[in-house]
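The values are calculated or read from the model by the stated rules, or taken from the named source; none is laboratory data. Computed from a predicted structure; not experimentally measured. Here the Cβ positions follow ideal geometry from the backbone for every residue, glycine too, while neighbour counts run over all protein chains shown.
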Amino acid sequence: MFLIWGEQNTEKKLGYVAEYCATCRDVRAVKVLRVGRTSHLFYVPLGRGRLLGYDGVCRRCELRFGVEITDYPAFEQDKNADLIELVRKTNPKLLAGNDAALAAWRRMNAVREPFLRYNHNLLQRYLAGARYDLPAVLALAGSLVVPFAFVYLAGRLLPKSADAWVGFGFIALFIAGLLWANRLARAEPHRFFRSRLEDALLEDLRKLSPTHEELLACLAALREYEYPIAEAVSADRLLECAAGPQPRSKVQAAAAKPAPAPKPTLVLSHAGKDYRFSPGVAEIVIGRSRENAIVLESKYVSRSHAQVAWPAGAAPRLKNLSRTGTSLRPDGATQAMACSGEVELHGSGAIGLSEDFAGAESRGDVIRYRIASG
């Protein structure tokens, strides 16, 4: 029996947006595709595969070109949608006279550009396959040394009747070592980025003086669309690039007396009422049930819709509990993001009690949040 296997590209339609087409020389409806690279068996793809990029296809002339997916706050699923409405929903910066949207996009693009530049380098290393750097080589050597050392020690310490179990142990250690070495080799681009590229990225970002909200919104959008750099970059080091007081010299730092740090407070606001919480809160449940800490009497809100937890020594975390979803829009972000798993809260912003943030906002099903000092 012959097996046909290998790798192939995969495509998934995300929806339609309004974008400028270089061939038509006008704004057109464009179909957006996610392009990935995955393994196949008899030409049947095994999953979506690793991200290669995002392409747009003009519906008028069929021109295919690369698009920057984070430019679009939303996607339209109706391919016959009116073009003006498509522009308003998916690419408002193209509207004549919409200077605010254009200015916001230019700022977002400036902050995003260093991420995209270094992401291209990181993506190429991932696509090149496994690389064996020093940690991977040591793990590979260990997959040979450890099993033989085990057999040697077992032969001296265990009776002959245990030889069968010693053989099983040798095989198990050898296989485990190979799997661990392969895992380290596949993660080599991540280590390469941390050691060779991360400092350069952070230096480029410092020149832009981004705010915490801009960095978090950019990182959230890149993570949502599977950019490898979103997982590789250190979030703690990234936030050090945010605009703020200039660092003092070592002499000034030694002479200054440390001021007591103000106690942070999480403030959740709805319908003109503030709810204040301190670190160490196990859970703050938001929903329609009267038993919740924050109650919203809306038919679109689940009984237990979302939960905010604030473990001591960590940032507050938002978790969706409802099938209708929960969304988050930090202040300064151009688009909201859906909450999948747990999402950290920083600065200030709004929590939408629906996956569709605009719909939740129009119904008043939104919780404002901010982290205050004292």
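Applying the set (1) more than 24 Å from Asn91 (Cα to Cα); (2) in contact with an Asp or Glu (Cβ under 9 Å, 6 or more places away or on another chain) to Leu41 leaves exactly one unmet item: (2).
Restricting region 199-220 to residues that are under 20 Å from the mean Cα position of the chain (by Cα) and aliphatic (A, V, I, L, M), the residue that is surrounded by the fewest Cβ atoms within 10 Å (Cβ to Cβ) is Leu202.
Evaluated against (1) at pLDDT 85 or above; (2) basic (Lys, Arg); (3) crowded, with 16+ Cβ neighbours inside 10 Å, Arg125 falls short on exactly one condition, (1). For Tyr126, indicate whether it is within 29 Å of Ala242 (Cβ to Cβ) and part of a strand (DSSP E or B). Here the answer is no, as Tyr126 does not meet what is asked. Filtering region 285-321 to residues that are among the small types (Gly, Ala, Ser), in a loop (DSSP other than H, G, I, E, B) and under 21 Å from Ala220 (Cα atoms) leaves Ala314, Ala315. Within region 77-100, the residues that satisfy the criterion of being assigned to a helix (DSSP H, G or I) and among the basic types (Lys, Arg) are Arg88, Lys89, Lys93.
State whether the residues of region 128-138 include one that is more than 29 Å from the chain's Cα centre (by Cα), farther than 30 Å from Arg206 by Cβ and crowded, with 17+ Cβ neighbours inside 10 Å. If you could, list the steps in order and put the result at the bottom.
Residues of region 128-138 more than 29 Å from the chain's Cα centre (by Cα): 137-138.
Still in the list and also farther than 30 Å from Arg206 by Cβ: 137-138.
The next check asks that each one be crowded, with 17+ Cβ neighbours inside 10 Å; those that pass are none.
No, region 128-138 has no match at all.
Does Gly332 qualify as being at pLDDT below 90, in contact with a helix residue (DSSP H, G or I) (Cβ under 7 Å, 6 or more places away or on another chain), of a type outside the set (Phe, Trp, Tyr) and within 16 Å of Pro73 (Cα to Cα)? Give the derivation first.
Working: at pLDDT below 90: yes; in contact with a helix residue (DSSP H, G or I) (Cβ under 7 Å, 6 or more places away or on another chain): yes; of a type outside the set (Phe, Trp, Tyr): yes; within 16 Å of Pro73 (Cα to Cα): yes.
Judged against the criteria, Gly332 is a match.
Tell me which residues, restricted to region 153-166, are surrounded by 11 or more Cβ atoms within 10 Å (Cβ to Cβ) and either hydrophobic (A, V, I, L, M, F, W, C) or modelled with pLDDT of 90 or more (or both). Those that are surrounded by 11 or more Cβ atoms within 10 Å (Cβ to Cβ) and either hydrophobic (A, V, I, L, M, F, W, C) or modelled with pLDDT of 90 or more (or both): Leu153, Ala154, Leu158, Ala162, Trp165, Val166. Ala103 satisfies every condition listed in (1) crowded, with 19+ Cβ neighbours inside 10 Å; (2) aliphatic (A, V, I, L, M); (3) without any contact (Cβ under 8 Å) to a residue 60 or more places away in the chain; (4) assigned to a helix (DSSP H, G or I) except (1). Given the condition at pLDDT 90 or above, among the hydroxyl-bearing types (Ser, Thr, Tyr) and over 20 Å from Pro228 (Cβ atoms), answer yes or no: does some residue in region 3-21 qualify? Checked against the condition, which is being at pLDDT 90 or above, among the hydroxyl-bearing types (Ser, Thr, Tyr) and over 20 Å from Pro228 (Cβ atoms), region 3-21 yields at least one hit.
Within region 349-374, work out how many residues are of a type in the set (S, T, N, Q) and touching a residue at least 24 places away in the same chain (Cβ under 8 Å).
The number of residues fulfilling the criteria is 2.
Is it the case that Gly352 is buried (at least 19 other Cβ atoms within 10 Å of the Cβ), touching a strand residue (DSSP E or B) at 6+ places or on another chain (Cβ under 7 Å) and not assigned by TED's automatic domain parsing to the domain that holds Ala235?
Details: buried (at least 19 other Cβ atoms within 10 Å of the Cβ): yes; touching a strand residue (DSSP E or B) at 6+ places or on another chain (Cβ under 7 Å): yes; not assigned by TED's automatic domain parsing to the domain that holds Ala235: yes.
Yes; evaluated as a whole, the condition is true for this residue.
Among the residues of region 338-357, those identified as touching a helix residue (DSSP H, G or I) at 6+ places or on another chain (Cβ under 9 Å), at pLDDT 90 or above and farther than 16 Å from Gly287 by Cα are Ser348, Gly349.
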